[in-house]
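Everything below concerns the one structure shown next.
The values are calculated or read from the model by the stated rules, or taken from the named source; none is laboratory data. These numbers were taken from a predicted model, which means no experiment stands behind them. Methodologically, a virtual Cβ is constructed for each residue, glycine included, from the backbone with ideal geometry; neighbour enumeration extends over all protein chains shown. Note: accessible area is taken over every heavy atom of the protein model, side chains too, but ligands, DNA and RNA are not part of it. Shrake-Rupley method; radii C 1.70, N 1.55, O 1.52, S 1.80 Å.
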Amino acid sequence: MTEHTDDTDDTIEGHERELSAVREEHDDADDDVSLSLPGLSVDRRDFMKAGAAVGAATASAGCLDALSGGGSADQETASGGAKNHKVAPGELDDYYAFLSGGHSGEIRVMGVPSMRELLRIPVFTPEPASGYGYDDRTSEMLEEEGGGYSWGDTHHPRVSQTDNDYDGRWAFVNDKANGRMARIDLEYFETDAIVDIPNQQGTHGACCLLPDTKYVFGVGEFRVPMQNDGRDLDDPEAYTSTIAAINPETMNVEWEVEVDGNMDNGDGGKDGRWFFTTGYNSEHATTESGMTKADRDWVKAFDVPAIEAAVENGDYEEINGVPVVDGTRESSLNQSDRPIVRYVPTPKSPHGVSVTPDGDYAIASGKLDPTCTVIDVEKLAEADDPADAIVGRPRVGMGPLHTAYDGRGHAYTTLFIDSQVAKWDIEAAVEAEAGSEDPIVEKIDVHYNPGHLIASESYTADPEGDYLISLNKLSKDRFLNVGPLKPENDQLIYIGDDEEGMQLVKDKPSYAEPHDASIVSADKIEPADVYDPSDYDAEFVAEGDESIERIDDSTVHVKTYVKRNEYAFPEIRVQEGDEVRITASNVEETSDITHGMAIPEYDVDLALAPQDTREVTFTADEPGVYWVYCSYFCSALHLEMRSRLIVEPSE
Ligand code: RUQ
Ligand code: CUA
């Protein structure tokens, strides 16, 4: 391994300097074309780009519209065919975007191109507005399958596919904090399963094996002792990280593969054979300086059928109930002519990896190296030396993190340090010398320091190629100052016109902190309007089925329907110390009429969408009168929608 070069330090220090400089630059930008509108200040650079968005001859009012996304009519602009990217009031978006929420532990659903936030789907964290984690079913899921943590750290939302296209069934997302994977049902837009992945810490990457989502992969980032029960504490060489193959139907972990080095992001190939991860820390160090010493790390290419054959043959060790296959470089399974993991050497700590829509290349973004590494998937299968599968290495700029595709042969890579997105030509990169900048088509400034970016349907075989969202980590001066904890900035860029070039369309502040996203055509998802009671185990309480039943000395079961503007019982009488179980069904069939059922001082909070049934169990340990009330504004008599819980003191 080579020595730690000063280059890395310079790069990082230079970046820190640059971050502090941005503010100053903006403060004394004499030559800025400053257009002062509430919440919007446009500098010359943006002004020029916005001008391009609507045609150079268009009046400046047009530029402002394009930037703010506001404006009156939803119509084509005068300059001949350029889209204006507006979604007028009452109109619907073309796409759903599913964004992770980082350590808020949720998924956010946004419309594109309007960038309107439509919904937040709580995943790893209880959320009172939707009652998630407050009813028995979801609180048990968080407690039991979920392991009982109060939060999670979502990074990579990936939507299930069939035949390399979105099938509208599920979205999956990782929990980096506690090593979990969750599934979101896209009929109801709610989390319906969580698996706590054994033998894994820091589940970072998440993605599907395509074409048909045979597995969802959780990519373990942190190396830990195997098993992590107090052994090998001071022997980092004995630590390991794994990928976990999860069955999307059962959410069962089918097998894991342990490897050398940390892993980071992952992406599945399009033909069911390969699964790729990036990684750092080939040094097996435990400190930052140790992890950045070597000039090379790897992209690891997992040969899925070869791994399945190893599992089939019993070539594994069962650890915590999961078959764990040895995929380290020394493993006997890597010595044959069909190794289970191929270690492709790449420069310094590559970060994102994504497979091109045609499945021909896996492209890893260099992070601490200014290049992307283009790996030829077919060559990988044949080459004796995996390094021979590297067919391109364009120099894209400083701090390349993630790469997305438009389906027209272009790749788009975020440059964290340069605060730009670079658009480059994939085939030109294959033809060019390593390190050449020739494949670069253009770059656009983003504000500021982008992490992920995602293009419409970029993870499928057939991207739409019109919109790109750059998920910028810092917003600095782009929005009204809300104090030190500033929003991030999700910027919408139009990429549908190769002649005009990339066009910055919109800034969207977002709360900490989206990492990755998937953008899915709206017509590929068919959410329900009301629940179908037969989809759930809970018993539906129709009008006439209500009852208050004393089960034994200390247990009462209340079954109630809920509708405008009443609960089935004006009062519910129990004894101090009773365990009270409430089963509540919203019998409304009208879409969007949701009722709440909140009980003060007992921490009860149910949200009942039409035809939904929820159950909650609590101990009535404080005598008194407690007004059960509706927490969703449902009608003119919403405030009067009440009932009394009367807890009688025991003698
Ligand atoms: S990572 S900013 Cu969690 Cu996807 Cu790259
Ligand atoms: Cu029911 Cu408000």
Gyration tensor (alpha-carbon) shape descriptor, segment 533-648, a/c threshold 1.5: oblate
J(HN,Hα) series, segment 198-206, from Karplus relation 6.51 cos²θ - 1.76 cosθ + 1.60, nearest Hz, glycine and proline x: x, 6, 9, 10, x, 5, 9, x, 8
Of all DSSP beta bridges in segment 548-651, antiparallel share, percent nearest 5: 65 percent
Distance histogram in 5 Å bins (all Cα pairs of segment 214-296, percent per bin): 3, 14, 21, 21, 17, 12, 8, 3, 0
24 Å Cα-Cα threshold exceeded, pairs from Lys423/Lys506; Lys293/Lys486; Lys473/Lys506; Lys83/Lys486; Lys270/Lys300; Lys348/Lys486: Lys293/Lys486; Lys83/Lys486; Lys348/Lys486
Ordering of 362-372, 314-324, 527-537, 234-244 by burial proxy (mean other Cβ atoms within 10 Å per residue, highest first): 362-372, 234-244, 314-324, 527-537
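Between Asn565 and Asp523, 0.36 nm times their residue separation minus their Cα-Cα distance comes to what?
Full-extension gain reported as 11.6 nm.
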Whether the chain is rounded, prolate or oblate, judged on the alpha carbon gyration tensor where a/c under 1.5 counts as rounded: oblate
Ranked packing of 624-633, 98-107, 267-276, most packed first, by mean Cβ within 10 Å: 98-107, 267-276, 624-633
Anchor Lys379: aspartates and glutamates whose Cα lies under 12 Å away (excluding residues fewer than 8 positions away in-chain): Asp360, Asp388
Segment 290-324 versus segment 459-520: alpha-carbon centroid distance in Å: 35 Å
Amide H contacts of Gly465 (H built 1.01 Å from N, under 5 Å, at least 5 apart or other chain): Ser456
The chain, accessible surface, carbon-and-sulfur percent (1.4 angstrom probe): 46 percent
1.4 Å probe accessible area per residue over the chain, in Å²: 41 Å²
Nonlocal amide H pairs with Val441, under 5 Å, H built at 1.01 Å: Lys423, Trp424, Asp425
